[in-house]
1. Read through the list (1) of a type outside the set (A, V, I, L, M); (2) open to solvent by 50 Å² or more (accessible area, probe 1.4 Å); (3) within 21 Å of Gly230 (Cα to Cα); (4) in contact (Cβ under 8 Å) with a residue 12 or more places away in the chain, then give the number of the only condition that Asp179 fails.
2. If a residue must be of a type outside the set (Ser, Thr, Tyr), out of contact with any strand residue (DSSP E or B) (no Cβ under 6 Å at 6 or more places or on another chain) and open to solvent by 70 Å² or more (accessible area, probe 1.4 Å), how many such residues does the range 368-395 contain?
3. If I ask for residues that are over 15 Å from Arg224 (Cβ atoms) and within 14 Å of the ligand (Cβ to nearest atom), which ones from the range 242-263 would you list?
4. So which of Thr69, Thr60, Thr24, Thr49 ends up being at pLDDT below 95, more than 17 Å from Ala131 (Cα to Cα) and assigned by TED's automatic domain parsing to the domain that holds Pro298?
5. Mind checking which pairs have a first residue in the range 37-50 that is surrounded by 16 or more Cβ atoms within 10 Å (Cβ to Cβ) and a second that is of a type in the set (Phe, Trp, Tyr), Cβ under 7 Å, 6 or more apart or different chains?
6. Being under 23 Å from Asp274 (Cα atoms), assigned to a helix (DSSP H, G or I) and either in contact (Cβ under 8 Å) with a residue 12 or more places away in the chain or of a type in the set (Gly, Ala, Ser) (or both) is the filter here; which residues of the range 152-176 pass it?
7. Under 7 Å between Cβ atoms, at least 6 apart or on separate chains: pull out the pairs that start in the range 292-313 with a residue that is within 22 Å of Gly277 (Cα to Cα) and not assigned by TED's automatic domain parsing to the domain that holds Glu132 and end on any residue that is of a type in the set (Asp, Glu) and within 16 Å of the ligand (Cβ to nearest atom).
8. Which ones in the range 212-244 are of a type in the set (Gly, Ala, Ser) and either at pLDDT 95 or above or not in a helix (DSSP H, G or I) (or both)?
Amino acid sequence: MAAKHQAPKGTFDVLPADEAARATVSGAARERLRAAGYARIETPIFEDTGLFERGVGESTDIVRKEMFTFDDQGGRSVTLRPEGTAPICRAYIAHGMHRLPQPVKLAYEGPFFRYERPQEGRFREFNQIGAEAIGSASPLVDAELIILLDRILTDVGIPDAELLLSSLGSPEARADYRDELRGFLRDHESDLSDEVRERIDSNPMRAFDSDHAGTRTVMENAPRMLDRLGGEDAEHFAAVRELLDEAGVAYTLDGSLVRGLDYYNRTVFEFTCDRLGAQSGLGGGGRYDGLVELLGGPATPAVGWAAGVERILLAMETRPEPETIDVFVVTGGDRAAASALVRRLRDDGLAADLDLAERSFKGQMKQADRSGARHALILEGDGTAKLRDMSSGDQRDVDPGAIAAELGGGGR
Ligand code: AMP
């Protein structure tokens, strides 16, 4: 036998048994976001590498070491998208969406790629649902988006996610704070990891995300941007908090929340779940008021989030059962007649199936059972039929022509 191929490291197959749970997550996101006026957008799976270098930031972990980047046959550097916000801002600019009524509210779902060390809940190809509202600086939008993610998580059966909330202030206010943080980090340089030390100048805030024990101890006493908010930044944050309180969405203030992407300002947030272990982030996001301009568009405030579908699936308390069929047709006689009946039942809107491996009558009954069908329709050789309820075992005579009406076929 030839050697078996394995799926690449950090990837996985989605099997039929997983489909119902995935459909629940997609369906909840679609419904909630559609009902709030978010229209679907799809952008390409790969983009010019420069989009992410610019948009996500050269000093982020994503750009430094996690991108799947390659040259295409025309010698252009392209990258499998590691996140959705920069591509959506690119599309907003490219399609002149700033001329539409603002904010433009967009929702998406699809695969993303990061070369990370695979572990439970962390993959190299994973799926995200996400939402962005581009073109409003109002705290109403920050709150709306946070509340929507809270509701989606509750809808799919994660009522106990914890919401961590912070504000990074405006870029100008943060510049002063970063200087203060750099000073603090230099004072404790010998206790920091090499990686954090190397990035004191370029990205000091990443120190809050470090796993390194010494760095973590140092960071417990580090100054926090959340304690330095002033003026309009403080007002904005207070307004977001008030709107969340009013909606009954509980949160924990966490001044160490910085998030791994460079583009955030003001509100940042993350939903986490205890059931997830080390990779506890279900989803998160924040404001990115400078990104559209950074990517060549007009100055445009924006806010958004992304949540990991696989993490949500891991955190769900109960998984929906795979869908079963309505009726499995079993025949003691003419297989072609059974097949024609199945075709009519399907046309009438029922989920119907039959044995396709020429099994004996007994073998077909076994298949009916294995299929999980709610009913078996047993065709006798003489044109009569019996309907069997597979869970109770009750059986009664029926007219095969009237089955669709009886079992509630929707019609097409
Ligand atoms: P981020 O874009 O890093 O804010 O990620 C948003 C969400 O996507 C996270 O909270 C996770 O739920 C999910 N996510 C990010 N990276 C991965 C990964 N490598 N594997 C699985 N899920 C991920």
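1. Of the numbered conditions (1) of a type outside the set (A, V, I, L, M); (2) open to solvent by 50 Å² or more (accessible area, probe 1.4 Å); (3) within 21 Å of Gly230 (Cα to Cα); (4) in contact (Cβ under 8 Å) with a residue 12 or more places away in the chain, the odd one out for Asp179 is (4).
2. Total meeting the criteria: 6.
3. Selection gives Gly260, Leu261, Asp262, Tyr263.
4. Thr60
5. Ile41/Tyr108
6. Result: Ile152, Leu153, Asp155.
7. As it stands, the answer is none, since no pair meets every condition given.
8. Ala222, Gly230, Ala234, Ala238, Ala239
The values are calculated or read from the model by the stated rules, or taken from the named source; none is laboratory data. If you're wondering where the values come from, they're calculated on a predicted model, not measured in any experiment. Neighbour counts run over all protein chains shown; Cβ positions are idealised from the backbone, glycine included. The accessibility values were calculated without ligands, DNA or RNA, using every heavy atom of the protein model including side chains. Shrake-Rupley method; radii C 1.70, N 1.55, O 1.52, S 1.80 Å.
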